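The values are calculated or read from the model by the stated rules, or taken from the named source; none is laboratory data. Remember, it's a predicted structure, so these values are computed and weren't measured experimentally. For neighbour counting, all protein chains shown are included, and Cβ atoms are generated from backbone atoms with ideal geometry for every residue, glycine included. These accessible areas exclude ligands, DNA and RNA; they are computed on the full protein's heavy atoms, side chains included. Shrake-Rupley method; radii C 1.70, N 1.55, O 1.52, S 1.80 Å.
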Amino acid sequence: MEVAAKIADALDVSLDYLVGASSFVVKDKKMLHRLELLEKIDNDDRETILKVVDNYLTSAQLQSTTKKLKQKV
(Lines give C-alpha, C1' and ligand atoms only; values in the text may rest on other atoms or scores of the structure.)
Protein backbone atom coordinates (compact mmCIF):
# COMPACT_ATOMS: atom_id res chain seq x y z
CA MET A 1 0.00 0.00 0.00
CA GLU A 2 2.83 2.37 0.83
CA VAL A 3 4.43 1.79 -2.59
CA ALA A 4 1.11 2.44 -4.34
CA ALA A 5 0.70 5.69 -2.39
CA LYS A 6 4.18 6.79 -3.47
CA ILE A 7 3.40 5.95 -7.11
CA ALA A 8 0.13 7.87 -6.95
CA ASP A 9 1.92 10.83 -5.38
CA ALA A 10 4.64 10.75 -8.04
CA LEU A 11 2.01 10.69 -10.79
CA ASP A 12 0.01 13.41 -9.02
CA VAL A 13 -3.15 11.27 -8.93
CA SER A 14 -5.21 9.73 -6.16
CA LEU A 15 -4.91 6.11 -5.13
CA ASP A 16 -8.52 5.64 -6.22
CA TYR A 17 -7.64 6.82 -9.71
CA LEU A 18 -4.52 4.67 -9.80
CA VAL A 19 -6.46 1.48 -9.04
CA GLY A 20 -9.38 2.37 -11.30
CA ALA A 21 -11.88 3.22 -8.56
CA SER A 22 -12.27 6.78 -9.85
CA SER A 23 -12.86 8.01 -13.37
CA PHE A 24 -11.40 11.48 -12.92
CA VAL A 25 -8.29 13.08 -11.49
CA VAL A 26 -8.34 15.89 -8.93
CA LYS A 27 -4.89 17.41 -9.24
CA ASP A 28 -5.54 20.32 -6.90
CA LYS A 29 -4.76 18.83 -3.50
CA LYS A 30 -6.59 21.63 -1.68
CA MET A 31 -9.72 20.87 -3.69
CA LEU A 32 -9.37 17.16 -2.99
CA HIS A 33 -9.06 17.91 0.73
CA ARG A 34 -12.19 20.08 0.56
CA LEU A 35 -14.10 17.29 -1.15
CA GLU A 36 -12.98 14.82 1.51
CA LEU A 37 -14.17 17.19 4.25
CA LEU A 38 -17.46 17.72 2.45
CA GLU A 39 -18.11 13.98 2.51
CA LYS A 40 -17.77 13.95 6.30
CA ILE A 41 -20.33 16.61 7.20
CA ASP A 42 -24.05 16.32 7.83
CA ASN A 43 -26.19 15.77 4.70
CA ASP A 44 -28.25 18.94 5.22
CA ASP A 45 -25.12 21.08 5.60
CA ARG A 46 -23.53 19.41 2.56
CA GLU A 47 -26.62 20.09 0.45
CA THR A 48 -26.63 23.75 1.52
CA ILE A 49 -22.95 24.14 0.64
CA LEU A 50 -23.44 22.44 -2.72
CA LYS A 51 -26.39 24.71 -3.57
CA VAL A 52 -24.26 27.78 -2.85
CA VAL A 53 -21.38 26.40 -4.93
CA ASP A 54 -23.77 25.52 -7.77
CA ASN A 55 -25.14 29.06 -7.76
CA TYR A 56 -21.63 30.56 -7.95
CA LEU A 57 -20.63 28.17 -10.74
CA THR A 58 -23.77 28.97 -12.73
CA SER A 59 -23.11 32.68 -12.32
CA ALA A 60 -19.47 32.30 -13.39
CA GLN A 61 -20.48 30.29 -16.47
CA LEU A 62 -23.07 32.89 -17.40
CA GLN A 63 -20.54 35.71 -17.03
CA SER A 64 -18.00 33.81 -19.13
CA THR A 65 -20.53 33.12 -21.87
CA THR A 66 -21.70 36.75 -21.86
CA LYS A 67 -18.10 37.94 -22.13
CA LYS A 68 -17.42 35.61 -25.09
CA LEU A 69 -20.58 36.76 -26.86
CA LYS A 70 -19.63 40.42 -26.42
CA GLN A 71 -16.19 39.74 -27.89
CA LYS A 72 -17.74 38.23 -31.01
CA VAL A 73 -19.91 41.28 -31.65
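The number of Lys pairs in the chain with C-alpha atoms less than 18 Å apart, excluding pairs fewer than 8 positions apart on the same chain, is 5. Normalised by 2.2 N^0.38 Å, where N is the number of residues, the alpha-carbon radius of gyration of the chain equals 1.55.
Rounded to the nearest whole Hz, the Karplus-based 3J(HN,Hα) values (6.51 cos²θ - 1.76 cosθ + 1.60, θ = phi - 60°) of segment 27-40 follow the sequence 7, 7, 5, 5, 5, 4, 4, 4, 5, 5, 5, 4, 5, 8, with x at glycine and proline. Computed about its Cα centre, the charge dipole of the chain is approximately 740 debye, with only Lys, Arg, Asp and Glu carrying charge at their Cβ.
Across segment 43-56, rounded Karplus estimates of 3J(HN,Hα) from the backbone phi angles (6.51 cos²θ - 1.76 cosθ + 1.60, θ = phi - 60°) give 4, 5, 5, 4, 4, 4, 4, 5, 5, 5, 4, 4, 5, 5 Hz, Gly and Pro being marked x.
Taking all protein chains together and rolling a 1.4 Å probe, M31 ends up with roughly 80 Å² accessible. Between amide H atoms placed 1.01 Å from N, distances below 5 Å from S14 occur with V26, all of them 5 or more places distant or on a separate chain.
So which trypsin sites (Lys or Arg not before Pro) in the chain end up in coil per DSSP with only 12 or fewer other C-beta atoms within 10 Å?
Values: sites: K6, K27, K29, K30, R34, K40, R46, K51, K67, K68, K70, K72; in loops: K27.
Here the trypsin sites (Lys or Arg not before Pro) that fit, given the DSSP loop and packing criteria, are K27.
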